[in-house]
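The values are calculated or read from the model by the stated rules, or taken from the named source; none is laboratory data. This structure is a prediction, so every number in the text was calculated from the model and none was measured. No Cβ is skipped: glycine too gets one built from the backbone with ideal geometry, and neighbour counts run over all protein chains shown. In case anyone asks, the SASA skips ligands and DNA or RNA and just uses the protein heavy atoms, side chains included. Shrake-Rupley method; radii C 1.70, N 1.55, O 1.52, S 1.80 Å.
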Amino acid sequence: LDTTLPGAIQGNAYVQSIGWTGYGNPGSLIGTTGRALRLEALQLRLTDELSAKYDLSYRVHVQNVGWMGWVRNGATAGTGHEA
């Protein structure tokens with residue numbers, strides 16, 4: 001990973017009883033704290049020049065289901081909520 005390139009990782013979470021929280025600033029909290037709400041789905045993406053040079057792959061573990069398949073570059077990982 002070329003750390004001299006401009007860009008960061010951003011996340012968007014689908015939170016139980018709230019819905020999609022939206023992509024926040026790079027490095028910001030994804031989801032909620034202290035509310036005992038499930039994070040049901042997740043989208044992650046690279047920004048700026050990092051997104052032009054690299055792909056970001058990720059997967060999630062779903063309660064009572066297990067590990068889900070790999071997705072990449074902003075695709076939804078989790079229980080199927082599409083933004």
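Out of Glu82, Glu49, which single residue is open to solvent by 50 Å² or more (accessible area, probe 1.4 Å) and touching a Pro at 6+ places or on another chain (Cβ under 9 Å)? Only one candidate qualifies: Glu49. Considering segment 15-46 alone, what residues qualify as being open to solvent by less than 60 Å² (accessible area, probe 1.4 Å) and either in a loop (DSSP other than H, G, I, E, B) or of a type in the set (D, E, K, R) (or both)? Correct list: Gln16, Gly22, Gly24, Ser28, Gly31, Thr32, Leu37, Glu40.
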